[in-house]
Amino acid sequence: MSLSQCRLDRFISQNLNISRRAVRLMLAKKRVRVDGLIASEIGQIIDKFSVIILDNAILQANIPTYIMLNKPTGVISATIDDKHKTVFDLLNTAQIEGLHIVGRLDLNTSGLVLLTDNSRWSQSLTLPGKKVAKRYIVTLENKLTDQYITAFEQGMYFEFEDITTLPAKLEIISDHVAQVTLVEGRYHQIKRMFGRFRNPVVKLHRSSIGNLHLDENLNPGESRVLTADEVNNISKNTGN
Ligand code: URA
């Protein structure tokens, strides 16, 4: 259980200053709802963004923050740094409190970075089993060939981690530009994969995560809050 999580009975007993036995009775009488559903388990784990309602009284309804940023190159995906500007330096100060980065980009990679204070949501995008697609536009020093498509699809063995990369989709856009779709995020993964062909990455830009595309109206360094639809649909299977 993470620090921001706790048991439902503990939360209600502390919130209303009543015994856990009294909480159990409330639950038995179906008086408590968590995220719209009647709660029956006293041990149910809740977090700071679970909406808790007793009868018609709201005990907790915190509103999470979700932000998309168009990260420029030269900005680091970290909270603080001595040398470089961080993604947090680009946000309005009022927005920063409690936020974390959902899937970092390298210093010299640009594009879509998400920030939130809702770890349940970020985990739904980043846990390995979730396989949320991340799309990158990659500019290469040398010419691409069809061999790359097969190699990316087959996966590559990374000795350091002792893993084989999951099938990745490479689409050739022009001689030196490809769109790559990954469902995982290994350290420097794209650069290492093109490294197998001794083909240095000249430019790397993340254009989408799941169903969410970087807003074309955002200039490098600009950010905006996500809409409710964007938050809810980002990892929905659209059949594409
Ligand atoms: N792959 C990389 O090599 N770098 C990134 O920033 C993202 C994917």
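Within region 163-198, count every residue that is more than 21 Å from His213 (Cβ to Cβ) and within 13 Å of the ligand (Cβ to nearest atom).
Number satisfying all stated conditions: 10.
Taking Arg135, is it part of a loop (DSSP other than H, G, I, E, B), touching a residue at least 24 places away in the same chain (Cβ under 8 Å) and assigned by TED's automatic domain parsing to the domain that holds Ser207?
No; evaluated as a whole, the condition is false for this residue.
Out of the residues in region 39-53 meeting the condition of being assigned to a loop (DSSP other than H, G, I, E, B) and charged (D, E, K, R), tell me which one is surrounded by the most Cβ atoms within 10 Å (Cβ to Cβ).
The extreme case among them is Lys48.
Within region 18-38, track down each residue that is part of a strand (DSSP E or B) and under 30 Å from the mean Cα position of the chain (by Cα).
Answer for region 18-38, where residues must be part of a strand (DSSP E or B) and under 30 Å from the mean Cα position of the chain (by Cα): Arg33, Val34, Leu37, Ile38.
Cβ-Cβ below 7 Å, separation at least six or inter-chain, first residue in region 86-105 and in the same structural domain as Ser223 (by TED's automatic domain parsing) and under 13 Å from Val225 (Cα atoms), second assigned to a loop (DSSP other than H, G, I, E, B) and of a type outside the set (Ser, Thr, Tyr): which pairs?
From region 86-105, the pairs are Leu99/Asp117.
Among (1) exposed (fewer than 15 other Cβ atoms within 10 Å of the Cβ); (2) closer than 20 Å to Thr227 by Cβ, where does Ile80 come up short?
(2)
I'd like the residue in region 74-129 that is assigned to a loop (DSSP other than H, G, I, E, B) and at positive phi and, out of all such residues, is farthest from the ligand (Cβ to nearest atom).
Checked region 74-129; the qualifying residue farthest from the ligand (Cβ to nearest atom) is Gly98.
List, please: which pairs have Cβ atoms under 6 Å, are six or more places apart or on different chains, and start with a residue in region 182-198 that is among the aliphatic types (A, V, I, L, M) and end with one that is more than 10 Å from the ligand (Cβ to nearest atom)?
Leu182/Ala168; Val183/Lys131; Val183/Ala133; Val183/Leu166; Met193/Met156
The values are calculated or read from the model by the stated rules, or taken from the named source; none is laboratory data. Remember, predicted model here, so these are calculated numbers, not experimental data. Quick reminder, even Gly has a Cβ in these numbers, built from the backbone with ideal geometry, and neighbours come from all protein chains shown.
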